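We did not get these values from a lab; they are worked out from the coordinates using the rules stated. Predicted model only: the values in this text are computed from it and were never measured. Every residue, glycine among them, receives a Cβ derived from its backbone with ideal geometry; neighbour counts consider all protein chains shown.
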Number of protein chains: 2
Amino acid sequence: MGLIESRILADHVYEAIKLMIQDGALKPGAKINKKELESLLGVSQTPINGALSRLAGQRYIEQRKRRGYYVRVYSCKELVDLFAARGAVESMATRLAVETATDAEVEQLTLFFSDVQFPLSDEAYRAYEKTDREFHSALIRYSGNTMIQQMNEEFGYIVRAATKGLIRPPEETIGEHRAIIAAIRERDAKLAAQLMTEHHLRSRNVLVENCQD
Amino acid sequence: MGLIESRILADHVYEAIKLMIQDGALKPGAKINKKELESLLGVSQTPINGALSRLAGQRYIEQRKRRGYYVRVYSCKELVDLFAARGAVESMATRLAVETATDAEVEQLTLFFSDVQFPLSDEAYRAYEKTDREFHSALIRYSGNTMIQQMNEEFGYIVRAATKGLIRPPEETIGEHRAIIAAIRERDAKLAAQLMTEHHLRSRNVLVENCQD
DNA sequence: ATTTACTATATTGTATACAAGATTGCTGTT
DNA sequence: AACAGCAATCTTGTATACAATATAGTAAAT
């Protein structure tokens, strides 16, 4: 199955390193050892360099002259900034989704938080987080905006890493989610987008308060 | 002045190619000839490859297996999508700028369109375009959001290329600009952001109408 | 016991070599 | 003239070599 063969070595190296960064095997600030990667992945310097340059272009890692590549460290301020930007983009996605999604898709969205009952068990709590993520990415999908989808894929993992353990309790957010869904159902794009912006800005404030630097 | 020496060759190659793309010397869809670049820039394959991989990471160019690198072509739909995303981000920048800019900075913003008098001469027309760009980038600067600034730098040239010759007439936009400035002066972040969103969405529609594909 | 100076080692940035795969151009055939 | 087939050429992806620089380690001096 020539599928694997249809990609060059640097692509595989790229994916491998990206995964190591995303799942924490390579922590922020860590130095990337090319020699190690060579023997780990069984390729020469050349594809490693290609992959590292590509990752540097996407700012997953950064290159310090004559000192190697390091996993990019985001300052707390940068994370907050990223969060604001992402909120803006997702708010636009909401607006576009309301304008262009089919009725069936809108129905799908309304189902997301329909059966949440308080108080939540530990399991239901984790399920809520997952539903939250799925709701947001469904909106982005239904927006039909490929550029926003791309941005979301590129920055999503950073935001997820940043907000780990810093999310607001479901008791607080469920109302906002339902208000957004209600606006979507009413096909009120402007209102839905505005509610989404405020939803994100409130979450952003939780991040701000946890910044020490 | 070791400043130039403080950067590696691939950095220079990167800048050189990026400039060629941005000023149109390398047109969308054009194939990038490594050999030519080698002799043009007087370096070997290696730094060229590094620069090309970095540019591929940023999606300035794309790599087709065993067929080389090509300057990325944006479809009309993608440009429209990008425009929407950028509008969202700039709207957020506006909101943040209103919340955090100093009074002096707000005064600076109010000056931007203060002396526009119709009808415009050819020269004044071009000046208006420039003022427009400066106004938008000042807002982004005053937002203090480094991530948004970064996105703007990365995508700005594409948007500019896309909208070349497709901007709405000053007669149509001056009112929107002034309304935004008025909201900023009133320190009404929400209103300013909303006006900015609509300003961009209206411009986006001009793009949509000029899409053939 | 720190700090300093020097040496050995590892890593980086760069160039180059080369096989496998694409492209171009030529030839002869219909 | 249009086209298929093939040969020559060019380009890519990969590996490797090597000098310059950074890092780590060791010995000497305070």
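Which number do you get for Rg(Cα) / (2.2 N^0.38 Å) in the protein assembly as shown?
1.06
Order these by the 10 Å Cβ neighbour count, fewest first: A:C76, B:C211.
Neighbour counts put them in this order, fewest first: B:C211, A:C76.
Ordered by residue, what ³J(HN,Hα) values in Hz, to whole numbers, does the stretch B:165-182 give under the Karplus form 6.51 cos²θ - 1.76 cosθ + 1.60, where θ = phi - 60° and Gly and Pro are x?
Here the 3J(HN,Hα) series is x, 10, 7, 6, x, x, 4, 7, 8, 4, x, 5, 4, 5, 5, 4, 4, 4 Hz.
Simple spin-label model, 7 Å along Cα-to-Cβ: B:E171 to B:E153 in nm?
4.0 nm
Note down the nm distance, to one decimal, between modelled labels 7 Å out along Cα→Cβ at A:K65 and at A:T102.
5.7 nm
For chain B, what is the Kirkwood estimate of the hydrodynamic radius, computed as the reciprocal of the mean inverse distance between distinct Cα atoms, to one decimal in Å?
One decimal place: 19.3 Å for the Kirkwood radius.
May I ask you to report, in nm to one decimal and beginning with the shortest, the distances from B:E172 to the same position in the other copies, taking label points 7 Å along Cα-to-Cβ?
Values, ascending and in nm: 4.4.
Which whole-number percent gives the relative contact order of the stretch B:76-209, counting Cα pairs below 8 Å spaced six or more residues apart?
Across the stretch B:76-209, relative contact order equals 47 percent.
What does the net charge come to around A:G175 if you take all other residues with beta carbon closer than 15 Å to its beta carbon, with K and R at +1 and D and E at -1?
Surrounding charge for A:G175 is -2.
Could you check how many percent of all C-alpha pairs in the stretch B:4-71 are farther apart than 20 Å?
That fraction is 19 percent.
Select the chain A residue whose beta carbon lies nearest to the rotation axis carrying chain A onto chain B, and write the distance in whole Å.
Closest Cβ to the A-to-B rotation axis, residue and whole-Å distance: A:G57, 1.
Starting with the fewest neighbours, write out B:E171, B:E90 ranked by other beta-carbon atoms found within 10 Å of each beta-carbon.
Listed from fewest to most nearby Cβ atoms, that is B:E171, B:E90.
With angles folded into 0 to 90 degrees, how steeply does helix B:9-22 sit against the dominant principal axis of chain B? Use alpha carbons for both and round to 10.
Taking Cα atoms only, the helix is inclined about 50 degrees.
Just want the ordering: B:E209, A:E107, from fewest to most Cβ atoms lying within 10 Å of their own Cβ.
Final ranking by Cβ density, sparse to dense: B:E209, A:E107.
Which pairs in the list B:K65/B:K130; B:K27/B:K190; A:K27/B:K34; A:K34/B:K34 are over 30 Å apart, alpha-carbon to alpha-carbon?
B:K65/B:K130; B:K27/B:K190; A:K27/B:K34
Using the 7 Å Cα-to-Cβ label point, sort the distances from A:E105 to its equivalents in the other copies shortest first and give them in nm to one decimal.
Result for A:E105, in nm, nearest copy first: 3.7.
Using R₀ = 41 Å, calculate the FRET efficiency as 1/(1 + (r/R₀)^6) where r is the Cβ-Cβ separation of A:V206 and B:S39; round to 0.05.
0.15
Where does the stretch A:41-148 land on Rg(C-alpha)/(2.2 N^0.38 Å)?
For the stretch A:41-148, the normalised Cα radius of gyration comes out at 1.53.
Looking only at A:A25, A:A97, A:A182, which one moves most when chain A is put into a Gaussian network model with springs between Cα atoms under 10 Å?
Result for chain A, Cα springs under 10 Å: A:A25 fluctuates most.
Which is the longest run of chain A containing none of the trypsin sites (Lys or Arg not before Pro) found in DSSP loop states (not H, G, I, E, B) with at most 14 other C-beta atoms within 10 Å?
It works out to A:68-163.
Relative to the other copies, what are the label-point distances for A:A161, with labels 7 Å from Cα along the C-beta vector, expressed in nm at one decimal and sorted shortest first?
Its label point is 3.1 nm from the equivalent points in the other copies.
So if we plug the beta-carbon distance of B:S137 and B:K31 into 1/(1 + (r/R0)^6) with R0 = 45 Å, what FRET efficiency do we get, rounded to 0.05?
Efficiency computed from Cβ-Cβ geometry: 0.85.
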